[in-house]
Structure formats: C-alpha cells, structure tokens
Amino acid sequence: MKVMLLGTSAAEGWPGLFCDCEACAKARALRGKNIRMRSSALIDSVLKIDLPPDTLYQVIAFDLDLRAMKALLLTHGHDDHISVPELQYTGDFFVTRSLSPPLPIYGPPDTLERIRAGLDLENLPITLQPLEAWKPVDIAGYVVTPVIAQHDWAQTCFNYIIRGPDGARLLYATDTGWYDEETWSFLREQTLDALVLECTKGPVEGGYTGHLSIPDVIRMREKLIHDGALGPDSRVVTTHHSHHGGLMHDELERCLSGHNIAVGYDGMSFDVAASPADPRS
C-alpha cells in the first residue's frame with residue numbers, strides 16, 4: 001500500500017493565509033518542506049482522504065488524476081477537510097466526459113449532511129455513504145474501519161484504520177486529541193503496520209484538547225507499542241502541522257527523529273507493508 005501526503009498543514013495553511021508571524025515569515029523565506037497545504041492523503045492513487053480547499057493546487061503540484069479516484073473518504077466536516085463547493089465541479093457542466101461510475105463519498109453522517117445541504121445532488125455524479133464507528137466497510141477494495149477521534153464535540157470526527165488488498169494496515173489519525181478509553185480499547189485489538197498522526201500544536205502543550213503536541217505524539221506512539229497494536233519499528237509519520245507551533249521542518253525532525261517518528265511534508269510518499277499474521281487479525 002502506497003501512501004502519499006498531499007497536504008500536511010492545519011486549517012489556515014503554513015504560511016497562514018493572512019498571517020505574518022515569525023514562523024510564517026521563515027516558511028516563506030525557506031520554502032521547501034516548510035510550505036504546507038491543508039491536510040489530505042491519497043492511497044494507491046485510488047482512495048483519497050479529505051477534500052481540502054487546496055485540492056486543485058495539489059492536483060497540479062503532484063500531477064494527480066482525480067478521475068482515477070475510486071472513493072473519497074472524509075474525516076469530519078471542518079472546512080479545511082471538506083470544501084463542499086469543490087464537489088460541484090464533478091458535474092457535467094464542468095467536464096467534457098461524465099464521471100462514470102459516480103464517485104462514492106464516505107464519512108460521518110453529519111459531514112455528509114453538510115454536502116447534501118450545500119449541493120444539488122440530483123445533478124452531480126456522486127453518492128453519499130454514511131459510516132458508523134467501529135464497523136468495517138469494504139471501500140474500493142480496502143477495508144476501512146472508522147474509529148472515534150477526540151476533536152470537535154459538536155460533530156462526529158473519525159480517524160480510520162485502512163487495510164489494503166495486501167493486508168497492510170494504516171491508522172490515519174488527523175484532527176484528534178488524546179483518545180478516550182473506548183478508542184484505546186478498540187485499538188488494543190488491532191494490528192497496525194503504520195501510523196499517520198497529527199502534530200498540530202508542535203512543542204506547545206496544554207490549551208485545546210482536540211489536537212496533539214509533540215510530547216503527545218511521542219506518548220501516543222509509545223502507548224500503541226505498549227498495547228501491542230503497533231510494532232516498535234513500524235513507520236510513524238506526522239501531519240497537520242500549525243505555524244502556531246513555530247518549528248520549521250528541520251526543527252521538527254530534530255524533536256522527533258530520535259523517537260523513530262518521521263515528519264511528514266507535502267508530497268511525501270511511503271510504502272506500508274503487512275506485518276506477519278497476528279492472531280487478532
């Protein structure tokens with residue numbers, strides 16, 4: 001299973017859209033991996049996670065063909081993860097060849113209701129498929145299991161365990177704080193081969209509990225290993241970085257590389273291979 005991170009920033013991007021802080025100024029000057037678009041990922045070119053407002057630029061920057069996408073998987077309803085107006089461009093008025101079959105969009109029921117309320121679905125080649133926590137679903141040849149994230153208590157927010165056709169299992173965990181016991185209990189029964197984990201707050205601890213800091217990320221990896229869900233050599237990659245954390249890419253690497261955690265960046269690709277069979281599988 002090949003994972004590509006299309007964007008690795010928090011909601012406002014990095015540099016922030018209207019921000020002139022020191023971290024944003026440094027990113028503008030240094031560029032490279034310090035420039036971050038809103039978070040999204042692509043699995044094997046066919047399963048896309050989230051549709052941020054930067055999607056068009058990501059398509060251009062990484063030479064993507066969204067017509068090859070077999071399904072769109074949404075984590076939650078915040079605007080930086082689902083830009084509803086972008087879906088209108090699937091319609092026949094904006095393309096020379098209709099999407100066929102229609103694009104299935106999966107996600108929390110309340111997120112899908114945002115789409116239903118914002119678009120005329122009668123004239124768009126998309127379908128909405130609500131998901132339930134803990135219940136695995138076959139999506140485009142992948143087994144996808146939603147787990148409850150701790151992010152926004154006013155809506156349903158999912159992280160996802162994605163099992164590829166070869167058996168490899170990825171936990172994609174952006175926009176979450178420290179899990180509650182129900183999620184931890186579920187994860188103890190899983191076997192994960194890789195983890196993409198948000199690191200919104202950088203070195204800043206405390207404050208809003210719906211995101212993770214660098215110390216939280218380190219502790220979460222250690223807990224998953226302790227609970228037997230993740231191997232000590234399994235790949236762990238960060239995403240969803242905010243300029244409020246203040247650290248450039250190389251500074252983040254210095255904080256995390258000693259803990260066997262890679263710092264994600266826009267355009268980063270890596271393979272996830274299945275580990276030996278586990279009796280819980």
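The values are calculated or read from the model by the stated rules, or taken from the named source; none is laboratory data. The model shown is predicted, which means the values in this text are computed figures rather than measured ones. Methodologically, a virtual Cβ is constructed for each residue, glycine included, from the backbone with ideal geometry; neighbour enumeration extends over all protein chains shown.
Here residue 17 meets each of (1) of a type in the set (A, V, I, L, M); (2) surrounded by 14 or more Cβ atoms within 10 Å (Cβ to Cβ); (3) without any contact (Cβ under 8 Å) to a residue 40 or more places away in the chain with one exception, condition (2). Contact annotation: residue pairs with Cβ atoms under 7 Å, 6 or more positions apart or on different chains, pairing a residue in segment 154-168 that is farther than 20 Å from residue 109 by Cβ with a partner that is outside any strand (DSSP E or B) and at pLDDT 95 or above, are 164/1; 165/141; 166/1; 168/1; 168/272; 168/273.
Matching residues to (1) closer than 21 Å to residue 262 by Cβ; (2) acidic (Asp, Glu); (3) at pLDDT below 95:
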{"residue": "172", "(1), (2), (3)": "yes, no, no"}
{"residue": "180", "(1), (2), (3)": "no, yes, no"}
{"residue": "183", "(1), (2), (3)": "no, no, no"}
{"residue": "189", "(1), (2), (3)": "no, yes, no"}
{"residue": "194", "(1), (2), (3)": "yes, no, no"}
{"residue": "202", "(1), (2), (3)": "yes, no, no"}
{"residue": "220", "(1), (2), (3)": "yes, no, no"}
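Answer yes or no: is there a residue in segment 36-45 that is buried (at least 19 other Cβ atoms within 10 Å of the Cβ), closer than 25 Å to residue 272 by Cα, at pLDDT 95 or above and among the basic types (Lys, Arg). Taking every residue of segment 36-45 in turn, at least one turns out to be buried (at least 19 other Cβ atoms within 10 Å of the Cβ), closer than 25 Å to residue 272 by Cα, at pLDDT 95 or above and among the basic types (Lys, Arg).
Of all residues in segment 101-123, none that is closer than 15 Å to residue 154 by Cα has its Cβ atom under 9 Å from the Cβ atom of a residue that is among the basic types (Lys, Arg) and assigned to a helix (DSSP H, G or I), 6 or more apart or on another chain.
Checked against (1) under 21 Å from residue 7 (Cα atoms); (2) not in a helix (DSSP H, G or I), residue 97 meets all criteria but (1).
Of everything in segment 71-109 that is surrounded by fewer than 22 Cβ atoms within 10 Å (Cβ to Cβ) and of a type in the set (Phe, Trp, Tyr), the residue that is nearest to residue 58 (Cα to Cα) is 89. Within segment 170-183, is even one residue more than 22 Å from residue 250 (Cα to Cα), crowded, with 16+ Cβ neighbours inside 10 Å, among the aliphatic types (A, V, I, L, M) and in contact (Cβ under 8 Å) with a residue 60 or more places away in the chain? Yes; the residues of segment 170-183 include at least one that is more than 22 Å from residue 250 (Cα to Cα), crowded, with 16+ Cβ neighbours inside 10 Å, among the aliphatic types (A, V, I, L, M) and in contact (Cβ under 8 Å) with a residue 60 or more places away in the chain. One residue alone among 196, 236, 147, 204 is outside any helix (DSSP H, G or I), touching a residue at least 60 places away in the same chain (Cβ under 8 Å) and of a type in the set (A, V, I, L, M), and that residue is 196. Residues that are in a helix (DSSP H, G or I) and surrounded by fewer than 17 Cβ atoms within 10 Å (Cβ to Cβ) within segment 254-276 comprise 254, 257, 258, 259, listed in sequence order. Looking only at segment 100-127, residues that are out of contact with any strand residue (DSSP E or B) (no Cβ under 9 Å at 6 or more places or on another chain) and in a strand (DSSP E or B) come to 0 in all. Residues of segment 207-217 that are assigned to a loop (DSSP other than H, G, I, E, B), free of Cβ contacts under 8 Å to residues at least 40 places away in the same chain and surrounded by fewer than 17 Cβ atoms within 10 Å (Cβ to Cβ): 207, 208.
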